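Worksheet: the structure to be examined is printed underneath.
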Amino acid sequence: MRIPRFELERYFARHEFSARYLLACSDCEPLSMAELVSMADHDAGELWQSLRLGYTESAGHPTLRAEIARAYERIDPAGVIVAAPEECIFLAMTSLLAPGDHVVCTFPGYQSLFEIARSIGCEVSFWEPDEENSWRFDPDKLAGLLRESTRLVALNFPHNPTGYLPSASDFAEVVGLVRDAGAILLSDEMYRHLEVEEDATLPAACDLYDRAISLSGLSKVYGLPGLRLGWLATRDLEALERIGEMKDYTTICHSAPSEILGIIALRNRVAIIEGQLARVRRNLARLDAFFEENGDCLRWTRPRGGSIGFPRVECTDDTDRFCAELVEDADIMLLPGSVFSYGKRHVRLGFGREDLPEVLDRFGTYLAGRFR
Ligand SMILES: Cc1ncc(COP(=O)(O)O)c(C=O)c1O
């Protein structure tokens, strides 16, 4: 299997640890180890203190899988497998797809959601949003892409990079369409629970449809990407078994310390998510003012969920150059739309971090000096 390079990850590899100000990250403010461990209840504290660093159970620590299952309505611990989030995508695609299968995927998006399928030899159709309609993904367009031979539909809501979140009725329609097509639904829900409006959280796909597989993890909403902890949750135990067999060829089992820290995080999910969501909402209010002030240069479609957005840049027609100059001259990292193969008019901007107001001030000063 030959696979093209992952453009977004290569861009991060180049700049994430050298640029001083990060305005492109999709994860929320990372928690410190001390903060997380201090949240442990007695039982989890014991697990942490007595942990031996042997191999772990291939599907994940039973207590961790039980905590994960508790976050869903209709999922048993047996319907959960633990792996790094990116690994979960790889495992699902490589174990469930074969050359010639038809796949539909939201686009633009996180590259592995369609690239792995393409590299396997699948035919991939893109379901694209309408920027002029607040980046809406129209279910009618999806209906037009589905075929009798469609094997899998890969969705990602809240959406990376636009921040689009469908209404509950659009989402129900979408799940119904996939069900009627008899396809597997791989639902990337990495940003679920970071909804801007109250009560806008969509049901998990795995609770709505028995052939849906929900992907989630601790990287974005919990601010714990360094744990590399994600999971797939489904009622399709046959599919999960095949995914588990594929994992024997990647990591075999998860990292033992990460699993215990994950148990601590999940047992404190309400408090952790509340803190991250409050920061995201605060930062969005700050962004409203920023885009108002810089409306001559940047056009903003306010995200409905997640910690990232995809503004259009009006003061240049080459966001590759714009981002290169920004990191060179002001030490600020933004992500050009080209890493999503989406032309040169957009940038991805992240707003889950504590220093966002300071970075925006610098960005505003840069724009004023460079373009006015
Ligand atoms: C939509 C989406 N899915 C999956 C991932 C993978 O998560 P991780 O980097 O924690 O493996 C990301 C990371 O950016 C993402 O944005």
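Values in this text are rule-based calculations from the coordinates and carry no lab data. Keep in mind that this is a model prediction, so the values were computed, not measured. Every residue, glycine as well, gets a Cβ built from its backbone with ideal geometry; the counts of neighbours run over all protein chains shown.
Near residue 344, which lysines are there with a Cα under 30 Å away, not counting those fewer than 8 places off in the same chain?
141, 220
Could you work out the relative contact order of region 91-162? I mean the mean sequence separation of Cα pairs under 8 Å and 6+ apart, divided by the number of residues, in percent. Write out the running numbers ahead of the final one.
Working: 102 pairs, mean separation 29.1, N = 72.
Averaging sequence separation for qualifying contacts and normalising by length gives 40 percent for region 91-162.
Rounded to the nearest 500 deg cm²/dmol, what is the calculated helix-only ellipticity per residue at 222 nm for the chain, with -39500 (n - 2.57) per DSSP H run of length n ≥ 4? All intermediate terms of the calculation are to be shown ahead of the outcome.
Values: 14 runs with 154 residues, N = 372.
About -12500 deg cm²/dmol.
Could you tell me the relative contact order of region 1-141? Use alpha-carbon pairs under 8 Å, at least six residues apart, and round to a whole percent. Numbers along the way, then the final one.
Values: 101 pairs, mean separation 27.4, N = 141.
Averaging sequence separation for qualifying contacts and normalising by length gives 19 percent for region 1-141.
Using a Förster distance of 25 angstrom, determine the FRET efficiency expected from the C-beta separation of residue 321 and residue 131, and round it to 0.05.
Computed FRET efficiency for residue 321 and residue 131 comes out at 0.70.
Using the 10 angstrom Cβ neighbour count as an exposure proxy, how do 65, 348, 20, 242 rank, fewest first? Can you show the working numbers first?
Values: 65 24, 348 28, 20 11, 242 14.
Fewest-to-most Cβ neighbours within 10 Å comes out as 20, 242, 65, 348.
In the chain, with Lys and Arg counted as +1 and Asp and Glu as -1 at Cβ, which of these residues, 263, 251, 174, has the Cα nearest the positive end of the dipole, that is, farthest along it?
My answer, from the dipole projection, is 251.
Using amide H atoms built in the peptide plane, which far-off residues or other-chain residues are under 5 Å from residue 298 H to H?
Amide H neighbours of residue 298: 314.
Ranked by Cβ crowding within 10 angstrom, fewest neighbours first, how are 37, 359, 327 ordered? Each step should come with its number before you reach the end.
Values: 37 16, 359 22, 327 19.
So the ranking, lowest neighbour count to highest, is 37, 327, 359.
With θ set to phi - 60° and the Karplus curve 6.51 cos²θ - 1.76 cosθ + 1.60, what are the ³J(HN,Hα) couplings of region 135-145 in order, to the nearest whole Hz, using x for Gly and Pro?
After applying 6.51 cos²θ - 1.76 cosθ + 1.60, I find 6, 5, 8, 7, x, 4, 5, 5, 4, x, 9 Hz.
Given the options 289, 78, 233, which has the most mean-square fluctuation in a GNM of the chain, springs set between C-alpha atoms less than 10 angstrom apart?
The residue that fluctuates most here is 289.
If the only charges are +1 at each Lys and Arg Cβ and -1 at each Asp and Glu Cβ, what is the size of the charge dipole of region 34-269 around the Cα centre, to the nearest 20 debye? Before the final figure, lay out the partial values.
Numbers: 19 positive and 37 negative charges, 124 e Å.
For region 34-269, the charge dipole is close to 600 debye.
Let's see if you can work this out: charge +1 on each Lys and Arg Cβ, -1 on each Asp and Glu Cβ, no other charges. What is the dipole magnitude of region 244-295 about its Cα centre, in debye to the nearest 20?
Dipole magnitude for region 244-295 comes out near 240 debye.
Determine the relative contact order of the chain: mean sequence separation of Cα pairs under 8 Å and six or more apart, normalised by residue count, in whole percent. Please list the in-between numbers first.
Numbers: 717 pairs, mean separation 92.7, N = 372.
Result for the chain is 25 percent.
Let me know the whole percent of all Cα-Cα pairs from region 56-103 that are separated by more than 18 Å. Mind showing how you got there, number by number?
Numbers: 476 of 1128 pairs.
Of all Cα-Cα distances in region 56-103, 42 percent exceed 18 Å.
Residue separation times 0.36 nm, minus the C-alpha to C-alpha distance between residue 289 and residue 250: what's the value?
Values: separation 39, 0.36 × 39 = 14.04 nm, distance 4.55 nm.
That works out to 9.5 nm of additional length.
Which of the helices in the chain, when you take each full DSSP H run, stretch at least 18 Å along the axis at their Cα atoms and have an average Kyte-Doolittle score of 0.5 or higher?
Values: long enough: 168-181 (20 Å, 0.60); 269-293 (36 Å, -0.09); 356-371 (22 Å, 0.16).
Sorted by number, the helices that extend far enough and score high enough are 168-181.
What does DSSP give for the chain in terms of the percent of beta bridges that are antiparallel, rounded to the nearest 5?
Details: 18 of 38 bridges.
If I count the DSSP bridges inside the chain, around 45 percent turn out antiparallel.
Can you tell which of 180, 207, 138 shows the greatest fluctuation in a Gaussian network model of the chain with Cα springs below 10 Å?
Highest fluctuation of the listed residues: 180.
Given the peptides 333-343, 104-114, arrange them by the average over their residues of other C-beta atoms within 10 Å, most packed first. Display every interim value, and only then the final one.
On the way: 333-343: 21.1, 104-114: 23.2.
Put in order of decreasing packing, that is 104-114, 333-343.
Using modelled backbone amide H atoms (1.01 Å from N, in-plane), which distant-in-sequence or interchain residues come within less than 5 Å of residue 185's amide H?
Result for residue 185 returns 153, 212, 213.
Which cysteines does the chain leave without a neighbouring Cys Cβ under 4.7 Å?
25, 28, 88, 105, 122, 206, 253, 323
Shape call for region 281-372 from the C-alpha gyration tensor, a ≥ b ≥ c root eigenvalues: rounded (a/c under 1.5), prolate (a/b greater than b/c) or oblate? Write down the numbers at each step before the final one.
Working: a/c = 1.44, a/b = 1.16, b/c = 1.23.
It is rounded, given that a/c, with a ≥ b ≥ c, falls under 1.5.
Which cross-chain or sequence-distant (5 or more) residues have an amide H under 5 Å from the amide H of residue 125, H modelled 1.01 Å from N in plane?
Counting only residues 5 or more places away or on other chains, the set is 103, 104, 105.
Based on alpha-carbon positions alone, could you give the equivalent ellipsoid semi-axes of the chain from the gyration tensor, as √(5λ), descending, whole Å?
Working: eigenvalues 205, 138, 71 Å².
So the three semi-axes of the chain are 32, 26, 19 Å.
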